[in-house]
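See below for the structure under consideration.
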Amino acid sequence: MEGIVTVLKPPGMTSSNAVYDVRRIFGVKRVGHLGTLDPGAAGVLPVCLGRAAKLFDYLVDKEKTYLAEISFGIATDTQDSYGAIVRRDPDCAVSAEALAGALLRFVGPQRQLAPAYSALKVGGRKMYDLARAGERVPERVREITVHSLRLVEQTGQNRFLIEICCSRGTYVRTLCADIGEALSTVAHMSFLLRTASGSFTLHRAYSVQELEQRKAEGALEETVVSCEEALASFPAVELPPERRTPTINALETFLRAPDGTVRVYSGGFLGLGEVRNNRVRLTVHLY
């Protein structure tokens, strides 16, 4: 069995543990997720099975959508609710109107300072390992894009739910801390739910328990999105039947089409190809 299954990861589970459970349930050796979720976060975690792992580079850069609760007045060393409190603002009083105005400043391309407690590596060591050991953590700045950012509702005093649509590599907890600074106070992320990763959404996400139940019912295959369906956002090209074998053998075929990545068909779905100067070549074999 191969394709992509969307795991509904609960808070407290690591992404690697989710991958382990998927490997166990599906009995597939080659398994990998499309973007880590912090252990404290919940939501959509797409996991590739079998040859679908070849699609990582084509699917991982898709937009991510989150619901996050931002809590003002308290800062933590990890920028979320799992860290130690490092600062309090007893005079904090953030209104919905003030927050809505501040959110507008964070939409668009920007540079973000990665948190010290992150899985980014420095000299082969993860930054959170350096931070926990009390060692100096070098600054790492990343280029990100926040496509949209809106206030959903107020959940309590100085607590608000916001929706973020952003690029890969965006740290939502850092965004929450930066929003607090923009409002002349401090803040941390008290809750995070990833609702979408590209085309993979909560509507077709399964908990580990649900996957185990589907397996017991003999319906596990119904939870898997095929490689072809996962790549539906790429344009399709159909090659003549006589070009099937040459295409499989990595030979190019003349094709009048714009440059870019395409789904390649010839007597069926073959995989992904690249068009360059009106010539297409198969780059990811999925037949």
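The values are calculated or read from the model by the stated rules, or taken from the named source; none is laboratory data. As the structure is a prediction and not an experimental result, all values here were calculated from the model. Glycine gets a Cβ as well: all are built from the backbone with ideal geometry, and neighbour counts include every protein chain shown. Side chains are part of the model used for accessible areas, which takes the heavy atoms of the whole protein and leaves out ligands, DNA and RNA. Shrake-Rupley method; radii C 1.70, N 1.55, O 1.52, S 1.80 Å.
Looking at region 271-287, which of the residues that are more than 26 Å from the chain's Cα centre (by Cα) and assigned to a strand (DSSP E or B) is surrounded by the fewest Cβ atoms within 10 Å (Cβ to Cβ)? Going through the qualifying residues, I end up with R276.
I85 - would you say it is in contact with a strand residue (DSSP E or B) (Cβ under 6 Å, 6 or more places away or on another chain), modelled with pLDDT of 95 or more and within 24 Å of E163 (Cβ to Cβ)? Against the criterion (in contact with a strand residue (DSSP E or B) (Cβ under 6 Å, 6 or more places away or on another chain), modelled with pLDDT of 95 or more and within 24 Å of E163 (Cβ to Cβ)), I85 does not qualify. Inspection of region 186-205 finds a residue satisfying the criterion of being of a type in the set (D, E, K, R) and more than 18 Å from I144 (Cβ to Cβ).
Only one entry in R263, R256, R244 is under 18 Å from F56 (Cα atoms) and either within 32 Å of the chain's Cα centre (by Cα) or not acidic (D, E) (or both), namely R263.
Of all residues in region 10-23, none are under 19 Å from G169 (Cα atoms) and in a strand (DSSP E or B).
If the condition is being modelled with pLDDT of 95 or more and open to solvent by 30 Å² or more (accessible area, probe 1.4 Å), then region 136-160 contributes T145, H147, S148, R150, L151, V152, E153, Q154, T155, Q157, R159. P39 fulfils the conditions (1) part of a loop (DSSP other than H, G, I, E, B); (2) buried (at least 21 other Cβ atoms within 10 Å of the Cβ) except for a single criterion, (2).
Among residues of region 241-270 being touching a Pro at 6+ places or on another chain (Cβ under 9 Å) and of a type in the set (A, V, I, L, M, F, W, C), the one that is most open to solvent (accessible area, probe 1.4 Å) is A257. Looking only at region 1-39, filter to residues that are of a type outside the set (V, I, T) and closer than 19 Å to Y58 by Cβ; which one of those is modelled with the lowest pLDDT? Only one residue fits best here, namely G35.
Given the conditions (1) open to solvent by 30 Å² or more (accessible area, probe 1.4 Å); (2) under 30 Å from Q157 (Cβ atoms); (3) touching a residue at least 40 places away in the same chain (Cβ under 8 Å), and given that R168 satisfies all but one, which numbered condition is not satisfied? With respect to (1) open to solvent by 30 Å² or more (accessible area, probe 1.4 Å); (2) under 30 Å from Q157 (Cβ atoms); (3) touching a residue at least 40 places away in the same chain (Cβ under 8 Å), R168 is out only on (2).
Note on region 48-74: among residues that are under 11 Å from the mean Cα position of the chain (by Cα) and either in a strand (DSSP E or B) or acidic (D, E) (or both), the one that is surrounded by the most Cβ atoms within 10 Å (Cβ to Cβ) is K64.
Take the residues of region 75-94 that are in contact with a helix residue (DSSP H, G or I) (Cβ under 8 Å, 6 or more places away or on another chain) and outside any loop (DSSP other than H, G, I, E, B): which is surrounded by the fewest Cβ atoms within 10 Å (Cβ to Cβ)? Per the criteria, the residue is A75.
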